């Protein structure tokens with residue numbers, strides 16, 4: 001019996017249950033007929049024009065992405081605008097679209113868990129646990145022995161795919177780092193969490209000026225971590241290989257591929 005899109009959705013639910021998604025999220029099937037046969041799945045962080053074209057050109061039946069295409073409300077999916085154009089392309093090509101977002105962030109080998117593993121952290125646990133204490137938002141862990149903050153930043157540079165904006169750091173290059181808090185993707189909402197404040201460094205993405213500045217000043221007068229700001233796309237792209245392995249175990253008859261295309265929005269920077 002051939003595998004259907006409904007079978008894929010069942011596997012996705014087993015791996016990344018919808019119940020683990022935040023209330024504001026929009027995960028699951030975005031387009032596609034659950035009855036359609038499926039022989040291949042392509043994974044990407046974003047349903048961007050390039051990743052959609054890549055999936056279609058290689059004959060994928062499903063594009064599974066991390067970021068939901070329709071997270072925010074739209075009033076039209078006309079093909080003369082981005083979201084309508086990619087949905088039109090996918091539907092015409094019989095390529096379904098599925099999103100696993102915050103429900104894939106919280107699992108043990110989700111976005112943050114994968115980043116913690118690639119850094120070699122020990123005694124890893126969520127910053128904000130869910131009902132299952134092994135699952136939740138962000139991760140706290142430690143290095144086997146202290147390393148300099150600059151060494152941590154360089155290790156991230158080796159682990160993460162290169163982007164135009166690189167890795168930004170607030171803190172003393174030689175400061176010893178033992179405990180690490182991290183949140184793949186945008187994590188400035190956790191800056192005031194006690195576990196983050198108690199860590200030697202906090203690694204996340206999309207740190208805005210005011211929250212980062214306040215966190216740095218608070219660290220000078222009270223306590224708080226050094227900050228490392230990395231590309232949102234890069235921090236979550238690491239998860240795709242883990243997700244592909246999980247899907248291959250659940251659906252061994254299918255061909256699973258991962259996009260190497262960079263969908264980080266920035267192309268270059270000018271230094272002064």
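Bear in mind that the values in this text are calculations on the coordinates, not laboratory data. As the structure is a computational prediction, the values presented were derived from the model and not from experiment. Here the Cβ is made from the backbone with ideal geometry for all residues, glycine too, and neighbour counts use every protein chain on show.
GNM, the chain, Cα, under 10 Å: largest mean-square fluctuation among 84, 224, 138? Looking only at 84, 224, 138, the biggest GNM fluctuation is shown by 84. Quick one: check the C-alpha center-to-center distance for the range 131-189 versus the range 18-86, whole angstrom. Here the answer is 29 Å between Cα centres.
Please compute the Kirkwood hydrodynamic radius over the range 106-235, one decimal place, Å, based on all pairs of different Cα atoms. Display every interim value, and only then the final one.
Values: mean 1/r = 0.0697 Å⁻¹.
Result for the range 106-235 stands at 14.3 Å.
Only beta bridges with both residues in the range 106-235 are counted; by DSSP, about 60 percent of them are antiparallel.
Taking 0.36 nm per residue of separation and subtracting the Cα-Cα distance, what length does fully extending residue 206 through residue 271 add?
On the way: separation 65, 0.36 × 65 = 23.40 nm, distance 1.92 nm.
Taking residue 206 through residue 271 to full extension adds about 21.5 nm, to one decimal.
Net length available on complete extension from residue 173 to residue 249 is 23.2 nm, with 0.36 nm assigned per residue and the Cα-Cα distance removed.
Taking the DSSP beta bridges in the chain as the whole, what percent of them are antiparallel, to the nearest 5? Walk me through the intermediate numbers first.
Numbers: 17 of 38 bridges.
Taking every DSSP beta bridge within the chain, about 45 percent pair in antiparallel fashion.
Dimensions of the range 5-103 based on its C-alpha atoms, expressed as ranges along the principal axes with the largest first, amount to 34, 31, 22 Å.
Length gain on complete extension for the stretch residue 122 to residue 58, per 0.36 nm per residue less the alpha carbon to alpha carbon distance?
Between residue 122 and residue 58, full extension yields an extra 19.1 nm.
For the chain, adding -39500 (n - 2.57) for each run of n ≥ 4 DSSP H residues and dividing by the number of residues yields -9500 deg cm²/dmol at 222 nm. Each principal axis of the Cα atoms in the chain has its own extent, and those three values, largest first, are 60, 43, 32 angstrom. Placing dummy labels 7 Å off each Cα toward the beta-carbon, the span from residue 213 to residue 88 is 4.4 nm.
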